[in-house]
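A.B. asks: After the structure tokens below, expect a handful of questions from me.
Here, each number is a calculation from the coordinates, and none is a lab measurement. What you see is a predicted model; the values in this text were computed from it and never measured. Every residue, glycine among them, receives a Cβ derived from its backbone with ideal geometry; neighbour counts consider all protein chains shown.
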There are 2 protein chains.
Amino acid sequence: MTKVGILIYPKVEVLDFCGPFEVFRNVETVGKHPISIYTISERNEPIDAQGLSINPDHDFQTCPQLDILIVPGGNGRWLVEQAAYLEFVTRQTDAIQHLVSVCTGALLVAKAKLLEDGMAATTHMEGMEYLQELAPNARVLPDVRFTDNGKIIMSGGISAGIDSSLYLVKKLWGEQLARQIALYMEYDWNYTKSEQEYIRPVID
Amino acid sequence: MTKVGILIYPKVEVLDFCGPFEVFRNVETVGKHPISIYTISERNEPIDAQGLSINPDHDFQTCPQLDILIVPGGNGRWLVEQAAYLEFVTRQTDAIQHLVSVCTGALLVAKAKLLEDGMAATTHMEGMEYLQELAPNARVLPDVRFTDNGKIIMSGGISAGIDSSLYLVKKLWGEQLARQIALYMEYDWNYTKSEQEYIRPVID
């Protein structure tokens, strides 16, 4: 059973977390691989996601160790100032398989000092400068859809989380399932184009 | 103030309703046009959207008359058997500006007898036959991204709701804003391609 956690918080951008949710849900629906997807917030209270009210499945105390943690954006500048969120991401990251940022969720990854020198980083077009400020030695790439640093995968803005999630499905369960899920979602995922144009190689 | 309602129900597909939510939320965030977006369900209780727990903003009794109603899919075959949902959609439709189905949400639109003879209809690839059965005189088009019948707009599967929502933004607020929102979402919306390849003309 793969455990996928999605961090949610006030003013989180809806598609930032619902895109990856849809992709990983279909690992089970389409691919028949058992998946648990948890939304996680600091407290066990409804989260106002820019007008969509979500009940988190776990707070930071009850959340188990995850295999994959998605950090969406939308209110990333607020998020980087939240010690509890920083502590949670730091605590999860050691034993995690993959940490995926979407949009300005990248800022929290940078603030948590998870971007080592030379790592390929990206975020929403409006967050690039702040990301570089928080991670001065990362290679901030404004023109990529997502980056792959092995454990840490970073997506561009909002809809890019769909592409990076499909890419991670490909890495973990194979290209055929990733293509089947894109087809089921009727999503125009040009895997070849992604591979050639978007992904920078894992750092040496 | 434009009132956008999104119907939710047990096992509703996450991206079916979160894609349109994201687009219409940005009519306000990006375009500065005031928008209210309500999730609506039969009862005022949390809805399990394939594992994502959503608190509806309105039930069928408290929901005001909407300008735009989004009917997502995911559990469309169950939905068409629900008299309360049928009644709600029928009641809203008379005074509504646009009714937008996404994925197998199309089945409810057909069941409510809203597809007149010759209307261009579409749905998820796996729902085409049942849609034709429910609306024998509609033109069911399996290869389009969405259709435009004036009041009634119908989208293909899951992610297609993003495209039809951007298209509706274009109709109501202009092409420039639709393009700005697609850019902000970093969504690869090829408007020209949509116009030429996907949209069938409004019926004569």
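A.B. asks: Just tell me how shielded A:16-27 is by partners: mean number of partner chain Cβ atoms within 10 Å of each residue's Cβ, no decimals.
C.D. replies: On the way: counts 3, 3, 10, 7, 1, 7, 10, 2, 1, 7, 5, 0.
Average per residue, whole number: 5.
A.B. asks: Also, quick follow-up: Can you list the residues, at least 5 places off or on another chain, whose amide H is less than 5 Å from the amide H of B:ILE70, using H built in the peptide plane?
C.D. replies: Sorted by chain and number, the residues that satisfy this are B:GLY5, B:ILE6, B:LEU7, B:VAL100.
A.B. asks: Further, regarding this structure: Counting DSSP beta bridges in region A:47-163, what percent are antiparallel, to the nearest 5?
C.D. replies: On the way: 7 of 16 bridges.
Beta bridges within region A:47-163, antiparallel portion: roughly 45 percent.
A.B. asks: Then there's this: With +1 on each Lys and Arg Cβ and -1 on each Asp and Glu Cβ, how big is the dipole of region A:2-198 about its Cα centre, in debye rounded to the nearest 20? Walk me through the intermediate numbers first.
C.D. replies: Numbers: 16 positive and 26 negative charges, 76 e Å.
That gives a dipole near 360 debye.
A.B. asks: If a cysteine in chain A has no other Cys Cβ under 4.7 Å from its own Cβ, put it on the list, ordered by number.
C.D. replies: Cysteines lacking a close Cβ partner in chain A: A:CYS63, A:CYS103.
A.B. asks: Moving on. Within the set of other residues whose C-beta is less than 14 Å from the C-beta of A:CYS63, count the net charge using Lys and Arg as +1 and Asp and Glu as -1.
C.D. replies: Values: positive: A:LYS3, A:ARG43, A:ARG91; negative: A:GLU42, A:ASP57, A:ASP59, A:ASP67, A:GLU87.
Overall, the nearby charge balance is -2.
A.B. asks: To the nearest 20 debye, what is the magnitude of the charge dipole of the protein assembly as shown about its Cα centre, counting +1 on the Cβ of each Lys and Arg and -1 on the Cβ of each Asp and Glu? Can you show the working numbers first?
C.D. replies: Numbers: 34 positive and 54 negative charges, 8 e Å.
Dipole of the protein assembly as shown, to the nearest 20 debye: 40 debye.
A.B. asks: Under 12 Å from the Cβ of A:LEU52, count the other residues' Cβ atoms, weight Lys and Arg +1, Asp and Glu -1, and hand me the total. The partial results should precede the final answer.
C.D. replies: Numbers: positive: A:LYS11, B:ARG25; negative: A:GLU13, A:ASP16, A:ASP48, B:GLU22, B:ASP57.
Once positives and negatives cancel, what remains is -3.
A.B. asks: Further, regarding this structure: What full-extension length gain, to one decimal in nm, is calculated for A:TRP78 and A:THR90 as 0.36 nm per residue of separation minus the Cα-Cα distance?
C.D. replies: Details: separation 12, 0.36 × 12 = 4.32 nm, distance 1.73 nm.
Gain in length upon complete extension: 2.6 nm.
A.B. asks: Kindly put A:THR123, B:THR62, A:THR90 in sequence by how many other C-beta atoms sit within 10 Å of each C-beta, fewest to most.
C.D. replies: Numbers: A:THR123 31, B:THR62 11, A:THR90 14.
So the ranking, lowest neighbour count to highest, is B:THR62, A:THR90, A:THR123.
A.B. asks: Can you put B:ASP48, B:ASP163 in order of Cβ neighbours within 10 angstrom, beginning with the fewest?
C.D. replies: Numbers: B:ASP48 15, B:ASP163 26.
The most exposed by this proxy come first: B:ASP48, B:ASP163.
A.B. asks: Another question, then. Give a quick list of trypsin sites (Lys or Arg not before Pro) in region A:86-119 that DSSP marks as loop, anything other than H, G, I, E or B, with at most 16 other Cβ atoms within 10 Å.
C.D. replies: On the way: sites: A:ARG91, A:LYS111, A:LYS113; in loops: A:LYS113.
Sites meeting the loop and neighbour criteria: A:LYS113.
A.B. asks: Return the percentage of antiparallel bridges among DSSP beta bridges fully within region B:2-198, rounded to the nearest 5 %. Walk me through the numbers on the way to the answer.
C.D. replies: Numbers: 6 of 26 bridges.
Of all bridge pairs located within region B:2-198, approximately 25 percent are antiparallel.
A.B. asks: When chain B is turned about an axis onto chain A, which of its residues keeps its C-beta closest to that axis, and how many Å is it?
C.D. replies: Residue nearest the B-to-A axis, with distance in whole Å: B:CYS18, 2.
A.B. asks: Hey, another quick one. For chain A, what is the calculated [θ] at 222 nm in deg cm²/dmol (nearest 500), taking -39500 (n - 2.57) for each run of four or more DSSP H residues and dividing by its residue count? Write out the running numbers ahead of the final one.
C.D. replies: On the way: 7 runs with 69 residues, N = 204.
Value at 222 nm, helices only, nearest 500: -10000 deg cm²/dmol.
A.B. asks: Among rounded, prolate and oblate, which fits region B:1-60 when a ≥ b ≥ c are the square roots of the eigenvalues of its C-alpha gyration tensor, a/c under 1.5 means rounded, and a/b larger than b/c means prolate? Please report the intermediate quantities before stating the final value.
C.D. replies: Values: a/c = 3.02, a/b = 1.65, b/c = 1.83.
In terms of gyration-tensor shape, oblate.
A.B. asks: If you put a point 7 Å past Cα along the Cβ direction, how far is that point for B:LYS32 from the same point in each other copy, in nm, smallest first?
C.D. replies: So the distances to the same position in the other copies read 5.5 nm.
A.B. asks: Fewest Cβ neighbours within 10 Å first, please rank B:HIS124, A:HIS58, B:HIS98 accordingly. Provide the component values of the computation, followed by the final result.
C.D. replies: Numbers: B:HIS124 26, A:HIS58 15, B:HIS98 20.
The most exposed by this proxy come first: A:HIS58, B:HIS98, B:HIS124.
A.B. asks: Shifting gears a bit: Give the distance, in whole Å, between the Cα centre of region B:45-117 and the Cα centre of region A:2-66.
C.D. replies: The distance from the Cα centre of region B:45-117 to that of region A:2-66 comes to 24 Å.
A.B. asks: Moving on. Using Cα pairs closer than 8 Å and at least 6 residues apart in sequence, work out the relative contact order for region B:1-142, in percent.
C.D. replies: Numbers: 285 pairs, mean separation 30.6, N = 142.
Over region B:1-142, the number comes to 22 percent.
A.B. asks: Counting only other residues whose beta carbon sits under 14 Å from that of B:ARG91, what net charge do I get with K and R as +1, D and E as -1?
C.D. replies: Every neighbour counted, the sum reads -3.
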